[in-house]
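Chemist: One structure is given below, represented as structure tokens, and several questions about it will come after.
The values are calculated or read from the model by the stated rules, or taken from the named source; none is laboratory data. Just so it is clear, the model here is predicted, and its values are computed rather than measured. Reconstructed Cβ throughout: ideal geometry from the backbone, glycine too, with neighbour counts over all protein chains shown. We work out accessible area using only protein heavy atoms, side chains counted, and drop any ligands, DNA or RNA first. Shrake-Rupley method; radii C 1.70, N 1.55, O 1.52, S 1.80 Å.
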Amino acid sequence: MEDLLKSIMLGLASGGIYALVAVSYVIIYKSTRIFAFSQAGMLVIGAYTFWQCLVVWSLPIWISILITLAIAAAIAIIIERVSMRPLIGQPILAPIVVTLGVMLFLRGIALLFWHGEVEGYGEAFLPLGVWHVGFLSLPKIQVYGFIICMLVIALLISFYKYTRTGLGMRVVHEDHLVAQNLGINVKRIFQYSWIFSCAVAVIGGMLLGNIQGVGLDLDANGLIAIAAVLFGGLESFGGAVIAGLAIGIIQIFAIQYLGALLPGEITMLVPFVFLLLILLIKPYGLFGLVRIERL
Amino acid sequence: MTINVDRPCGTFDSNYYQAMEIFRTPLRKFLMIAFIVLLYAIAFILDDYIISILIVFCAFSIGMTGLQIITGYAGQISLGHAAFMGVGMYTMAVFQEHLGFNFWFALPLAGLVPMIIGMLFGVPAVRIKGLYLAFASLAAHFVIVYAINNWRSVTNGTDGMYLHRPGVLLGIDFMIDKYYYILVLTVTVIMIYFAKNLSRTRLGRAFVAVRDNDIAAEVMGINIAHTKVLAFGIGCFYAGIAGAVGGGYYEYVNVEWFTLTDSIWYLGFLVVGGLGSIFGAIAGAVVWKSLDELSTLVTPITEALLGGMAFYASAAFSLVIYSLIVIVVLVLEPRGINHRWQIIKRSYRLHPFPY
Amino acid sequence: MAVDTRDIVKKREQRYSYGLTLLRDCIEETRDLPNEEDFFKKNVLRVEDITISFGGLNALSDVNLELREGELLAIIGPNGAGKTTLLNVISGFYKAQKGDVYFQDTKITNYSSHKIAEMGICRTFQNIALYTGLSVIDNIIAGRHPHIKYNFLNGMLYFPWARREEARQRAIAEDIVDFLEMEQVRNTTVGMLSYGLRKRAELGRALALEPRILLLDEPMAGMNLDEKEDIARFIVDIHEFLRIPIVMIEHDMGVVMDIADRIAVLDFGLKIGDGTPEEISKNQKVVSAYLGKAGEQ
Amino acid sequence: MNKKNTLGIMAGILISLSLIFILTFSSNAIAAKKPTVTIHNITDLTGAYAPIAIPSEKGGKDYLSWLAEQGGIDIDGDGKGDVEVQYKWAEFGNIDARFMSAYKRFRIRKPRPTIIEMWSSPNQEMMKPVLERDKINCYGIGFSDPQLYPPAWNYMDCWSYGESAAGAIEYYIDNIWPKRGKGIKAKVAHLTWDSAYGRAAIEPTTRHGKKTGKYEVVAERFCSLLPTDPEVMAYLSDFEKKGIDIIWSNSIVHTPAVIQKGLFKLGLTKKMVLMGNLWAPADQLLSIVGPEASEGYMCAQPVYIPAAEPEAPGVKFANMLNDKYRKEADMPNIQYMRGIRMKANMVEAVRRAIIGIMKRDGVNLETACKKITGEEVKEFGLQTLAGYTAMDTTTKYNSAPAGKDDRRLANHDRVVGIVDGKVKVLSPWYEVPRLVPDEMLEKGFFKDEKININYIVKGE
């Protein structure tokens, strides 16, 4: 029982970040129907930018966060304006591959500015140390990280729900043409989506940087988050959150209980095999929009 | 009335066989033959470096043609293609190592084993569609890599295996790179010819039907489950052959030969090359591997140009250039190089009229 | 005796059915065309008590329908009446929650749709569902898919017999193109064609399947008078020359009244009328469904 | 976007690409007055090994610039350089096709390579038969066992990973372990990557543990290349239940960093010790993890440690190089030292080969530089490196093939750890055990292991 609870806690901690990254994919997918691999690159950029502000320039934490978000927004606008807008209305695979290119480009940029060295925030961002609650030992980083993830997601969802722009974005999610006819500037909405998504991704990057160390390989987390996105269904925020947490827990369970049985690395294998099985049962994920086929 | 600009001007088919030809004019036939002869002749003119690149071009052209069959023709997005290439390599190595097969006997097996595994992983395609299928097929990659890593008695685990080129045959020593290149080129030409035949016959049309409108295809008498699985099978057959000839070139195989990045870029460069045509597949493979090669060359040059202080710039440059070229090509020509090639051909035919 | 008559009939028919002869030969290789004695008597397709609903919406409830040999049956009804759903059930795309479909006394309710198509129930679609990446001629040859008898290996290796078979299929397809008067556009990708031509191409693809029953879903929707006349002519020609029963959904009452042998009327998933054009035009239920209450006066 | 514009841009790209190609092919046409020799490198600056390749390449580059400033290799020992060293390198981003083509490019170009520095174990293993055919030496950075057994033309910068791990674990158990000397078997777990590199230490350490009876390998677990925190913590709590004493991680510095953090968070710092190999140096880990959490980490290192021993001659040399050419605050670090060591070893091997040719054939320096082949670099150079200290980056008896079948250029290690938030050297130089697989002994290799076949050890 203790083990089980411990595993669930650990799973939730990593699942929170998967959920956050998954949400950043979903934001873009919902409005533009593009699966943006580039968000994995944004994780790296976010982690490094924040490190630069916080540790190298020793700026206060809030200013560092603001700068990182501003840079994320700037990158988002550039990506959207330069590489995505010319591709509106083109075969869907082309923009997706362009985002792959962007991911590599961002990696190159990170290498250019930060030299690919592994860095850490030390104690500058979230406090280290452990809370002991009964038999559970809760690392502070992860508890804070989880809370931040959930806060960001809640903020985002309430933005969609309660603001005018959010309403416009929801309309765009339904149908581009209808939205255009209603007088909503669809291109503007695309831009917003990219900005929000990149902002969410850099927040994920900051948290990951704190937990794992700032490095070029942070984008691997973006890959596991993909499993979460599809598991939850490409169009669903709620699904992404639930699936992110679930993937986290499944991963930990696999490590705890299958690690001894299955030789070799299973941390990447398990989420994707699980995804495959889920999709066989529910081809559009748990909460994905089921496309009704008609003739 | 529509004027057909997809065909050379002034050529008319006088029987049905003519309508089915790949090249309709004698000039184009001649050019194609001349081009292939040139490719063979190159082996005796150029040095090992270029030949090593050409072998990689050939191997990846085969693999890319396989992905073209899965994704370009049958419309099923696969993100695990490099892993099937790996299965081909390992099949070759395992049959040579454990059962003592020589290259020639192992080669068809290196296609068949990935084909069977590919058909297995193609089964989900019957239910799962689009992006969901794309990422579900990532599972194939992870499962295959996992199996190879951990089936140590057969695959030697992560340590890799040696595989062997064919020895001397008819006085030709395939250990010499240029002769091996000729072998690979021959395999490539044959495989691409087969793919072309496939695309213009019964199953090829069924693939396109499934891609363009799978529901209608089912109602119009095409068994889409069968067709999709077969598409995966044939595509993976190609991947396996590509892996076998490519692995034969390196004479060694390791799981790190087919990383996830490779699998993803396989799809990426297929899009760069252009979906739905053999030319696009070859163009994609050639562009991909030239870019790879270019980035190995770029780094030392930028360092030479920028000096020692710009050390990271040189390292980052290869990534930046690589990705920028992909982005620029796709932003300018989202339908791929093949589309641009068609436009060029068309404008040549219609010259001096613009449309 | 019978054979001779048929030859005479065939020759007579050839005069106005230029282009379908090869297809008819092809059909006759595998089965005999129905005798004229059977016309309007023998059942070919029977739909029994079909009920299907989507969510809470009853698309069809207890619909019975039968199609007899040599008949041109028109299904009419307001939008949303369930006409297309009925065709979808027949071609196996939707599985009915209740009821069965019989084709020549074989129960085909649970057959997969490609099997049903292979048996000869072919159709066109309301919203054109052509293979947009293929040219017209390739679309039609793709329609011949179940009747091409070589496996993919032969195709890949392009053996002489595969090549001959391909040429034969192409000849049949070209014949259909000729029949549909699409020679000019035969090599054009269908995505680039006009609406009317695409509809025609779709008809050609359905023909290529060697139909025993042809289901046409609004073949004349959105066409001008000339195009409508063309299509009507094609339908009548196919009907007479291939001697197959045709089910046609159509809104243009003029055409329906002119060419249909029998009319079935659907409204909100219920069959409210079935009979010859004259009977239907007098049926009060039908009139009220079409014209509202005003029609009853 | 209009059509002409598009075509123009595409043409622009093509032209710039071809320019780059032309530049490459013309770049080696620089005239040199002195006789020159060339050393080659196929490195990975953008792929998985970038974090370790970049700092070590910095060290190597700086050493080569320094050497060029001295006038090149000093053959006759008069303090002046006689032979210029040209350095050719390619970058392969951990992609096999690029690796092979870079190799072929080097092979056909003049001068023919004699020794090529190569990165990552699988590529070096791939090259084993090829190099043997082409008679070119590999100076490898991956130390996997299949390269050593059976011996070929692959030389390795250090011992094999397995030997290093076994040595460090053994030293720790004998000297540092709190429960030492009580006849208790230590429990070792491997937590590493599922790749050839990650797995390299598992089999030899298991074998050595069985043989010595000092420890046993209880568990082997594999994590992703950059493991997430919870992933590692799940493994660690499993280890806690098993009562593991030592965790060995054969990976580059990210992974031990995450594991070390996990140990700290679970409060296991004192109960378990995490050890890593030379690619996970303590100083890099300290900067990632921070002083508090990194307490107790240990790694095996064959070079002097700049952070702990600023007075060691090699470290002084490295400091000098960094001040002169680079002026980076965080250099030199351990990787930088290793960079110097690698290039120095290669240059020394070439130097000895030149001397060897001059003596054997009685030719002058210029001819010797032209005549030099891989065979001579192997026989006169690499095989005789015993005792060479590579600009004092390592101890005197460190660089040493111990016999004619030995392909390692180092056999001594030190355990370096983090104590009180500082990098400290925890052990003297000790010899790493030799873990030759039994079937290799049966094949007749490694019989004369203890004999140093010093063909020529002069000019030191």
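Chemist: Charges on Cβ only, +1 for Lys and Arg, -1 for Asp and Glu, centred on the Cα centroid of segment B:48-349; of B:S295, B:F103, B:I241, which one is farthest towards the dipole's positive end?
Modeler: My answer, from the dipole projection, is B:I241.
Chemist: Positive end of the charge dipole of the protein assembly as shown (Lys, Arg +1 and Asp, Glu -1 on Cβ, about the Cα centre): tell me which of C:G120, D:V218, B:A140 has its Cα farthest that way.
Modeler: Of the candidates, D:V218 comes out farthest on the positive side.
Chemist: Here is a follow-up. Of all accessible surface on chain A at a 1.4 Å probe, what whole percent is carbon and sulfur?
Modeler: After summing per-atom areas, the C and S share lands at 70 percent.
Chemist: Here is a further query. Given H placed 1.01 Å from N in the peptide plane, which residues other than close sequence neighbours of D:S399 have an amide H under 5 Å from its amide H?
Modeler: D:G387, D:Y388
Chemist: Continuing with the same structure: Can you list which of the trypsin sites (Lys or Arg not before Pro) found in segment D:248-300 are DSSP loop residues with at most 12 other C-beta atoms within 10 Å?
Modeler: Sparse-neighbourhood loop trypsin sites (Lys or Arg not before Pro): D:K270.
Chemist: Taking one equal scatterer on every alpha-carbon of segment A:2-281, how large is log10 of I(q)/I(0) by Debye at q = 0.06, 0.09, 0.12 1/Å?
Modeler: Relative scattering, expressed as log10 I(q)/I(0), comes to -0.18, -0.42, -0.75.
Chemist: Just to verify a number: FRET efficiency for B:Y348 and A:T165, C-beta to C-beta distance, R0 = 45 Å, to 0.05?
Modeler: Efficiency at R0 = 45 Å is approximately 0.35.
Chemist: Let me ask you something else. What is the calculated FRET efficiency for A:V290 to B:W151, with r their C-beta to C-beta distance and R₀ = 56 Å, to the nearest 0.05?
Modeler: Taking R0 as 56 Å, the efficiency between A:V290 and B:W151 is 0.90.
Chemist: Compute the signed sum of charges (Lys and Arg +1, Asp and Glu -1) over the other residues within less than 11 Å, Cβ to Cβ, of A:Y284.
Modeler: My count for the surroundings of A:Y284 gives +3.
Chemist: Which chymotrypsin sites (Phe, Trp or Tyr not before Pro) in segment D:344-445 sit in a loop by DSSP (not H, G, I, E or B) and have at most 16 other Cβ atoms within 10 Å of their own Cβ?
Modeler: Those satisfying the criteria are D:Y397, D:W429.
Chemist: Right, next: Excluding same-chain residues fewer than 8 positions from A:K187, which lysines have a Cα within less than 27 Å of its Cα?
Modeler: Candidates past the 8-residue exclusion: A:K30, A:K161, D:K3, D:K4.
Chemist: For segment D:310-449, rounded, prolate or oblate, judged on the Cα gyration tensor with a ≥ b ≥ c (square roots of eigenvalues), a/c < 1.5 rounded, else prolate if a/b > b/c?
Modeler: oblate
Chemist: Report the B-A buried area as the accessible area lost on both sides summed, probe 1.4 Å, in Å² to the nearest 100.
Modeler: Approximately 4200 Å² gets buried when B meets A.
Chemist: Please state the relative contact order of chain A as a whole percent: Cα pairs under 8 Å, 6+ residues apart?
Modeler: Value for chain A: 36 percent.
Chemist: Let me ask another. Which FRET efficiency value, to the nearest 0.05, is calculated for D:R180 and D:R133 with the Förster distance at 51 angstrom and r the Cβ-Cβ distance?
Modeler: With R0 = 51 Å, the Cβ-Cβ based efficiency is 0.55.
Chemist: Moving on to the next point. Using 7 Å Cα-to-Cβ label points, what is the A:L277/B:S14 separation (nm, one decimal)?
Modeler: For the pair A:L277/B:S14, the computed spacing is 6.6 nm.
Chemist: Given Cβ point charges of +1 (Lys, Arg) and -1 (Asp, Glu) and nothing else, what value in debye, to the nearest 20, does the dipole of the protein assembly as shown about its Cα centre take?
Modeler: 1320 debye
Chemist: In nm, to one decimal, how far is the modelled label at A:W62 from the one at C:N43, with both set 7 Å along Cα→Cβ?
Modeler: Roughly 8.2 nm, to one decimal.
Chemist: Something else now. So what is the calculated 222 nm ellipticity per residue for chain B, using -39500 (n - 2.57) for each DSSP H run with n of 4 or more, over all residues, to the nearest 500 deg cm²/dmol?
Modeler: The per-residue figure over chain B is -24000 deg cm²/dmol.
Chemist: Tell me the total accessible area that D and A bury against each other, 1.4 angstrom probe, in square angstrom rounded to 100.
Modeler: 3200 Å²
Chemist: Which one of A:F146, A:V214, A:P86 has its Cα pushed farthest toward the positive end of the charge dipole of segment A:2-281, where Lys and Arg give +1 and Asp and Glu give -1 at the Cβ?
Modeler: It is A:P86, whose Cα lies furthest towards the positive end.
Chemist: Stretch C:M253-C:R164 to full length: gain in nm at 0.36 nm per residue minus the Cα-Cα span?
Modeler: Full extension from C:M253 to C:R164 adds 27.5 nm.
Chemist: With only Lys, Arg, Asp and Glu charged, each at its Cβ (+1 for the first two, -1 for the last two), find how big the charge dipole of segment C:160-297 is about the Cα centre; round to the nearest 20 debye.
Modeler: Magnitude of the dipole: close to 460 debye.
Chemist: I would also like to ask the following. If the only charges are +1 at each Lys and Arg Cβ and -1 at each Asp and Glu Cβ, what is the size of the charge dipole of segment A:2-281 around the Cα centre, to the nearest 20 debye?
Modeler: So the magnitude is around 860 debye.
Chemist: Assign one of three labels to segment A:98-238, namely rounded, prolate or oblate, based on the Cα gyration tensor with a ≥ b ≥ c the square roots of its eigenvalues; rounded applies when a/c is under 1.5, prolate when it is not and a/b is larger than b/c, and oblate otherwise.
Modeler: Because a/c hits 1.5 or more and a/b fails to exceed b/c, segment A:98-238 counts as oblate.
Chemist: Also, quick follow-up: Report the convex hull volume per residue for the protein assembly as shown, counting only C-alpha atoms, in Å³.
Modeler: 200 Å³
Chemist: How about segment C:88-131: which of its residues lose at least 50 Å² of accessible area in the presence of all protein chains relative to their chain isolated, using a 1.4 Å probe?
Modeler: Going by heavy-atom accessible area, the residues of segment C:88-131 that drop by at least 50 Å² are C:F93, C:H114, C:F125, C:Y131.
Chemist: Would you check the accessible area of A:V143, probe 1.4 Å, heavy atoms only, in square angstrom rounded to 10?
Modeler: 40 Å²
Chemist: Would you mind getting the accessible area per residue of the protein assembly as shown, heavy atoms of the protein chains only, 1.4 Å probe, in Å²?
Modeler: 36 Å²
Chemist: I need to check one value: relative contact order of chain D, counting alpha carbon pairs closer than 8 Å and at least 6 residues apart, in percent.
Modeler: 16 percent
Chemist: Taking only C-alpha pairs under 8 Å that are 6+ residues apart, what is the relative contact order of segment B:48-349 in percent?
Modeler: That works out to 32 percent.
Chemist: Whenever you get a sec, compute what percent of the accessible area on segment C:141-196 sits on carbon and sulfur atoms (1.4 Å probe).
Modeler: 55 percent
Chemist: Moving to a separate point now. Show me the trypsin sites (Lys or Arg not before Pro) within segment D:134-230 that DSSP assigns to loop and that have at most 16 other Cβ atoms within 10 Å of their Cβ.
Modeler: Passing both the DSSP loop test and the Cβ count: D:K135, D:K179, D:R180, D:K182, D:K185.
Chemist: Given a 1.4 Å probe and no ligands, DNA or RNA in the count, how much accessible surface is buried by B and C, both sides, to the nearest 100 Å²?
Modeler: Looking at B and C, the buried total is near 3700 Å².
Chemist: May I pose another question? Semi-axes, largest first, in whole Å: what does sqrt of 5 times each Cα gyration tensor eigenvalue give for chain B?
Modeler: 32, 27, 23
Chemist: I would also like to ask the following. For chain C, I need the span (max minus min coordinate) of the C-alpha atoms along each principal axis, in Å, sorted largest to smallest.
Modeler: In descending order, the Cα extents are 67, 46, 39 Å.
Chemist: Same structure, new question: I'd like the carbon and sulfur percentage of the solvent accessible area for segment D:261-398, probe radius 1.4 Å, heavy atoms only, ligands and nucleic acids excluded.
Modeler: 56 percent
Chemist: Let me ask something else about it. Roughly what would the spin-label model give for C:K95 and A:I77, points 7 Å off Cα along C-beta, in nm?
Modeler: About 5.4 nm separates the two model spin labels.
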